[in-house]
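As structure tokens, the structure follows; a few thoughts come after it.
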Amino acid sequence: MAGLGGIGEEILHLLFSTFNSHQGDGFSKSEISRMWSLEMQWFAPESSPILVDTLHSRGWLVGSTDSLRPAPGLDLEPPPLGWQPLLVRTGDVPAAPVSDVQQGRPTEPAKAASETTPLSSTPAEGGADRAQTLISLVSRKSGLERREVVRRAQRKRRALGPITLDFAVALLAREQSLDMHEVLEIIGN
């Protein structure tokens, strides 16, 4: 599984972070959704169950919706320090690269659904879309990697208390001396 790269690597980090301290234990769909949205604040509450269903249908998670766990054979990778998941669209999630134990060869990847539903497509969570747009803008204009922008914004959120991710990214943009007109235009939409 080494060298999977991109979204596959993000998923391995996400599953490691979710299940590492509970090896062998399964979680229900609602427990995973709650963990990702409320405890870790990685995804919107409306988005987490969609992502859990997608990971389950594409083979990353196995079991019933009452007891899900990572698919056997996945080499879960610990994320780097300051990591945040950057999954944006459920349609981007590939089939899990798990070997077919009975036949001894890799399974054929399932055809990806042409889903392009953002994980935060509800009007109440428009801030998550804004945050992703701001993260891209700040990354491009400042020369920082997206992960570094997210890490610094999350550090601001922890220091300042209950502020939104898009506001924390806007503060980072100001700190980086970026032109705030474009930032404010994105926030205003």
Query raised in the report: Which numbered condition trips up P78, out of (1) under 17 Å from E10 (Cα atoms); (2) without any contact (Cβ under 8 Å) to a residue 60 or more places away in the chain; (3) outside any helix (DSSP H, G or I)?
Result: (2)
Requested in this report: Taking the options G143, G126, name whichever one is modelled with pLDDT under 75 and either not basic (K, R) or not assigned by TED's automatic domain parsing to the domain that holds S17 (or both).
Outcome: G126
Report task. Evaluate the range 154-163: report whether one residue or more is modelled with pLDDT of 75 or more and in contact with a Lys or Arg (Cβ under 8 Å, 6 or more places away or on another chain). Result -> yes
Query raised in the report: Within the range 147-167, restricting attention to residues that are of a type in the set (K, R) and over 15 Å from the mean Cα position of the chain (by Cα), which residue is surrounded by the most Cβ atoms within 10 Å (Cβ to Cβ)?
Result: R152
Query raised in the report: Of the residues that make up the range 105-116, is at least one charged (D, E, K, R), at pLDDT below 65 and touching a helix residue (DSSP H, G or I) at 6+ places or on another chain (Cβ under 6 Å)?
Result: yes
**Report entry** F43 being within 26 Å of A131 (Cα to Cα) and at pLDDT 85 or above
**Finding:** no
Requested in this report: Identify, by number, the condition in (1) part of a loop (DSSP other than H, G, I, E, B); (2) surrounded by 19 or more Cβ atoms within 10 Å (Cβ to Cβ) that E46 doesn't meet.
Outcome: (2)
Requested in this report: Taking S57 as meeting all but one of (1) over 23 Å from Q154 (Cα atoms); (2) among the polar types (S, T, N, Q); (3) touching a helix residue (DSSP H, G or I) at 6+ places or on another chain (Cβ under 8 Å), write down the number of the exception.
Outcome: (3)
Query - Considering residues of the range 130-147 that are without any contact (Cβ under 8 Å) to a residue 12 or more places away in the chain and part of a helix (DSSP H, G or I) only, the residue farthest from W83 (Cα to Cα) - result: R140
Query raised in the report: Which of the residues spanning the range 49-68 are in contact with a strand residue (DSSP E or B) (Cβ under 8 Å, 6 or more places away or on another chain) and not in a helix (DSSP H, G or I)?
Result: W60, L61, V62, G63, S67, L68
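The values are calculated or read from the model by the stated rules, or taken from the named source; none is laboratory data. None of these values were measured; they are calculated from a predicted model. Cβ coordinates were reconstructed from backbone atoms using ideal geometry, including for glycine residues, and neighbour counts include every protein chain displayed.
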